[in-house]
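The values are calculated or read from the model by the stated rules, or taken from the named source; none is laboratory data. In this text the structure is predicted, and so the values were computed from the model without any measurement. Cβ atoms come from the backbone with ideal geometry, glycine included; neighbour counts cover every protein chain shown. These accessible areas exclude ligands, DNA and RNA; they are computed on the full protein's heavy atoms, side chains included. Shrake-Rupley method; radii C 1.70, N 1.55, O 1.52, S 1.80 Å.
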Amino acid sequence: MSAAVLLGVCCDFVFRDPKCVIHPVTVIAWFASRCRTLCRRLFSASAAGERIAGIVTVFLTCAVSYVVPAVVLFYAARISPILVYIAHAVWAFQIPAVRGLCAACLDVHRALAADPTLDSARNALARIVGRDTECLNRAGIIRATVETAAENTCDGIVAPLFFLCIGGIPLAMCYKAVNTMDSMFGYKNEEFYYFGWAAARFDDICGFIPARISALFMLLVSPFLHLNMVNGWRIFLRDRYCHASPNAGQTEAAAAGLLGIRLAGSAMYDGQLEEKPYIGDNTRPAEEQDILRIIQLVYAVSFVCLCLFVLIPVVLTAYV
């Protein structure tokens with residue numbers, strides 16, 4: 001079914017997820033939320049109990065996310081080759097988020113140009129970041145957009161395609177579950193400090209290799225986009241661990257160096273200031289064109305991943 005997977009992934013390059021269709025991530029988030037409620041009732045309210053509840057929630061959600069597509073594909077293959085082809089294509093279309101990520105960043109860019117008050121741009125940005133956006137100025141909005149595009153190049157594109165390549169639809173959906181739970185529970189606040197530990201750590205483990213692949217691909221494709229690869233390597237090697245996450249800093253450092261701007265720094269989350277180091281050098285102020293540059297970079301990296309993780313396996317399957 002490699003050809004069906006290729007078709008689905010290619011469709012994601014062109015089309016955003018239709019709003020009229022329930023996305024698998026929405027179902028995963030619903031299931032994880034119900035598991036959290038149940039596990040918190042079953043285990044004590046102590047720190048150890050919260051950690052155990054978090055571990056069980058991660059295990060159950062990952063297990064269901066793997067087993068459901070595996071079972072559906074198994075029985076679809078027994079019913080009809082056409083049915084299993086369609087199932088592979090539809091799931092493959094929903095696993096990466098190339099068009100969705102780039103379109104969301106482009107929405108911010110358009111809002112910056114259309115609304116001098118920045119209210120529309122802040123609202124558009126709030127849909128794709130976890131930080132508070134009300135206090136951001138124009139440069140802050142641009143930097144936050146570049147940061148989330150760089151980080152989600154791994155989380156939303158490279159990592160899902162990587163796991164799709166090595167384990168098919170079920171493993172890719174399992175990774176989507178891990179990443180979804182990290183975005184839901186992986187916060188060091190009062191509510192999730194202990195409960196979200198398992199989701200955050202498991203996401204760090206799963207994203208370790210894809211994050212470094214993502215940064216490497218960014219640097220390798222940069223000459224074709226007329227970006228500064230030398231500076232990209234310099235900032236990547238210097239600042240890739242200047243982030244609370246061992247993975248997010250990889251792509252953010254590469255992007256900061258390639259674009260020649262400074263990213264990260266302190267930010268507001270739920271009204272609380274979180275101190276974070278800067279990534280990159282403040283050689284020039286961020287400009288609106290940087291959003292278009294990071295979008296081009298995302299598409300270029302996505303194309304490389306499409307070739308390496310999907311197209312080449314299809315060819316090998318057909319001729320070997």
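A few points about this structure:
- Residue list for the range 93-119, restricted to those being over 18 Å from the mean Cα position of the chain (by Cα) and either among the hydrophobic types (A, V, I, L, M, F, W, C) or modelled with pLDDT of 90 or more (or both): His109, Arg110, Ala111, Leu112, Ala113, Ala114, Leu118
- Within the range 115-147, the only residue that satisfies the criterion of being in contact with a Cys (Cβ under 8 Å, 6 or more places away or on another chain) and open to solvent by 10 Å² or more (accessible area, probe 1.4 Å) is Ile128.
- Residue check: Gly8 meets all listed conditions (1) closer than 25 Å to Met184 by Cβ; (2) buried (at least 19 other Cβ atoms within 10 Å of the Cβ) but one, namely (1).
- Residue check, Val221 within 19 Å of the chain's Cα centre (by Cα) and either farther than 23 Å from Val27 by Cα or modelled with pLDDT under 95 (or both): no
- Restricting the first member to the range 179-194 and to residues that are over 15 Å from Ala53 (Cβ atoms), and the second to residues that are open to solvent by less than 40 Å² (accessible area, probe 1.4 Å) and assigned to a loop (DSSP other than H, G, I, E, B), the beta-carbon pairs closer than 7 Å and six or more apart or on different chains are Tyr187/Gly196.
- When we screen Lys176, Lys188 for residues that are crowded, with 23+ Cβ neighbours inside 10 Å, of a type outside the set (Gly, Ala, Ser) and over 18 Å from Leu6 (Cβ atoms), the only hit is Lys176.
- Which numbered condition Ala253 fails, given (1) closer than 27 Å to Gly54 by Cα; (2) in contact with a strand residue (DSSP E or B) (Cβ under 9 Å, 6 or more places away or on another chain); (3) surrounded by 17 or more Cβ atoms within 10 Å (Cβ to Cβ): (1)
- Residue list for the range 11-65, restricted to those being among the aromatic types (Phe, Trp, Tyr) and either more than 19 Å from the chain's Cα centre (by Cα) or open to solvent by less than 60 Å² (accessible area, probe 1.4 Å) (or both): Phe13, Phe31, Phe43, Phe59
- Qualifying positions in the range 192-203 - modelled with pLDDT under 90 and over 12 Å from Arg36 (Cα atoms): Tyr193, Tyr194
- Number of the exception - Ile169 against (1) aliphatic (A, V, I, L, M); (2) touching a Phe, Trp or Tyr at 6+ places or on another chain (Cβ under 7 Å); (3) free of Cβ contacts under 8 Å to residues at least 60 places away in the same chain: (3)
- You will find that of Phe13, Phe74, the residue that is at pLDDT 85 or above, under 30 Å from Gln296 (Cα atoms) and among the aromatic types (Phe, Trp, Tyr) is Phe13 and no other.
- Test for Phe303: is it in contact with a Leu (Cβ under 6 Å, 6 or more places away or on another chain), of a type in the set (Phe, Trp, Tyr), more than 21 Å from Leu112 (Cα to Cα) and surrounded by 14 or more Cβ atoms within 10 Å (Cβ to Cβ): no
- Selection within the range 217-232 - touching a residue at least 12 places away in the same chain (Cβ under 8 Å) and in a helix (DSSP H, G or I): Phe217, Met218, Leu219, Leu220, Val221, Ser222, Phe224, Leu225, Met229, Asn231, Gly232
- Residues in the range 133-166 that are free of Cβ contacts under 8 Å to residues at least 12 places away in the same chain and touching a helix residue (DSSP H, G or I) at 6+ places or on another chain (Cβ under 6 Å): Thr133 alone.
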